[in-house]
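The values are calculated or read from the model by the stated rules, or taken from the named source; none is laboratory data. On a predicted model such as this, the values are computed, not experimentally measured, just so you know. Note that we place each Cβ from the backbone using ideal geometry, even for glycine, and neighbour counts take in every protein chain shown.
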Amino acid sequence: MTADAPLQAEQLDPAIAALLAQLWRAEHASDGPWSLPRLCKQSGLRMSTLRRSLTLLSQLELAALRIDQAGHGQASLTDDGKTLCRQLFSAAGHG
């Protein structure tokens, strides 16, 4: 990848790519942010992998992770995450 070449989903870690794809789907769904169990099921990731990936995306300010006092969580894309996903998935016909 050169500085001029856009990032492609195939260049990402498979877990990150799968999670970003599902967060992008959730962004276009009418039922709001998706729960962590739903993201696990939709992405095919184990919960531990999902949580590590979401932590990384949160640190990079690409995703927002919310966990309530009961331990239930939801995740969504930040504005920067939406911009990245638009670049990664819009050209590929994913939104």
Practice prompt. Name, by its number, the condition in (1) at pLDDT 95 or above; (2) buried (at least 19 other Cβ atoms within 10 Å of the Cβ) that does not hold for SER58.
Written response: (2)
Item to complete: Kindly provide the set of residues from segment 1-29 that are modelled with pLDDT of 90 or more and in contact with a helix residue (DSSP H, G or I) (Cβ under 6 Å, 6 or more places away or on another chain), ordered by number.
Response: ALA15, ILE16, ALA17, ALA18, LEU19, LEU20, GLN22, TRP24
